[in-house]
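Asker: One structure follows; several queries about it will come next.
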Amino acid sequence: MEFIRTFREKSHTKRQEEIHKMAEETICLSDFADSIYIAYEGTPLIPVQADWTSRDIIQELSKVRQNFINSHLKQEGLA
């Protein structure tokens, strides 16, 4: 039984890592119509405001990525 538990934990950990990587690749910054956006697979979604600092941009990007991660983990029963 220990083997099955260990295997299952490793599988879950590996899948969680894959989802985190997918979030970084899928949710990124993109330029469109002379503006910068937070984008999903290159499609601009959330405009980056002119008054946002680099820190603000990274925080917003992190929030969107975390939503992506949480959603995928829940869909796969890992959260």
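Asker: Take the conditions among the polar types (S, T, N, Q), in a strand (DSSP E or B) and surrounded by 12 or more Cβ atoms within 10 Å (Cβ to Cβ) and apply them to Ser62. Does it pass?
Answerer: Working: among the polar types (S, T, N, Q): yes; in a strand (DSSP E or B): no; surrounded by 12 or more Cβ atoms within 10 Å (Cβ to Cβ): yes.
When the stated conditions are applied, Ser62 does not pass them.
Asker: Here is a further query. Which residue is surrounded by the most Cβ atoms within 10 Å (Cβ to Cβ), if the candidates are limited to region 1-32 and must be aliphatic (A, V, I, L, M) and at pLDDT below 95? Quick ask: steps written out before the conclusion?
Answerer: Here is the first cut: in region 1-32, the residues aliphatic (A, V, I, L, M) are 1, 4, 19, 22-23, 27, 29.
When the remaining residues are screened for being at pLDDT below 95, the result is 1, 4.
Values: Met1: 5, Ile4: 8.
Top of the filtered list is Ile4.
Asker: Working only within region 1-36, note down all residues that are free of Cβ contacts under 8 Å to residues at least 24 places away in the same chain, charged (D, E, K, R) and more than 22 Å from Ile57 (Cβ to Cβ).
Answerer: Within region 1-36, Glu2, Arg5, Arg8, Glu9, Lys10, Lys14, Glu17, Glu18 meet the criteria.
Asker: Do we have any residue at all in region 37-57 that's in contact (Cβ under 8 Å) with a residue 60 or more places away in the chain and either of a type in the set (D, E, K, R) or in a loop (DSSP other than H, G, I, E, B) (or both)?
Answerer: Start the filter on region 37-57 by keeping residues that are in contact (Cβ under 8 Å) with a residue 60 or more places away in the chain, which leaves none.
The answer is no, given that none of the residues of region 37-57 is in contact (Cβ under 8 Å) with a residue 60 or more places away in the chain and either of a type in the set (D, E, K, R) or in a loop (DSSP other than H, G, I, E, B) (or both).
The values are calculated or read from the model by the stated rules, or taken from the named source; none is laboratory data. These figures come from a predicted structure and were not determined experimentally. Glycine gets a Cβ as well: all are built from the backbone with ideal geometry, and neighbour counts include every protein chain shown.
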